[in-house]
Every structure is written in C-alpha cells, then in structure tokens.
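Since the structure comes first, as structure tokens, the remarks are kept for the end.
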Amino acid sequence: MFLKRRTGLSICRKSYRIIERLRRWCLNSSGFAPALLLKDLKICRALTEEAGFASSILGPALDHYQRLVDRGETGKDISALIRQKRRDGGS
C-alpha cells in the first residue's frame, strides 16, 4: 500500500516508517560527536597518504579535533570546536 504525503510523493508504508524514525532521531540528536569525526579524519588521512595526495587542511583539522577529544568533548557536537577556538583566542 502506498501513502501520499502533502508533497505529492508516493512511498510505501515501510519506507515511510523508516523515514519517520530517521527524522525523529535527527530531531533528538545532539549532533555529530568530535570523536566520530576524528575517526573519519584519520581514515581520510590514510586514504590520502595511500593515494599520494597532500592535504593542507587535514593535518590541522586532525590536531583540532584530537584536542577536543583529549579535553573530553567526546559526547557533544562538533560545534565544540568553535567554542574551544573562542576560548583559546582563535588558535
């Protein structure tokens, strides 16, 4: 059975339930944790090294997010970096 939403799109009931569950999770989510971004940045570093690609932004980003994690900002969203930079005078 298909449902028709106000947008005029038709989706199956199962897909609609999945979309609604994701929407509720996003609304309740506090953001993307710095520890998870740090993990992804480390993966990016490994991939860029393997490809022989030099990134001028990856090293500083890894340093910034490593400091966040070291300071215990692991459960907050990545806007913690902005707050940290403001406290540290922008460095």
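Any read-out appearing in this document is the output of simple, stated calculations on the displayed coordinates, not a laboratory observation. What you see is a predicted model, and the numbers here were worked out from it, not measured in a lab. Cβ sites come from the backbone with ideal geometry, for glycine too, and all protein chains shown count toward neighbours.
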Expected output is a single nm value to one decimal: the length gained when fully extending between Lys42 and Asp70, i.e. 0.36 nm times separation in residues minus the C-alpha distance. What is it?
8.5 nm
Expressed in nanometres to one decimal, the distance between label points 7 Å along Cα→Cβ at Ala51 and Phe32 is 1.7 nm
Suppose the chain between Asp63 and Arg86 were pulled fully straight at 0.36 nm per residue; how much longer would it get relative to their current alpha carbon spacing?
6.7 nm
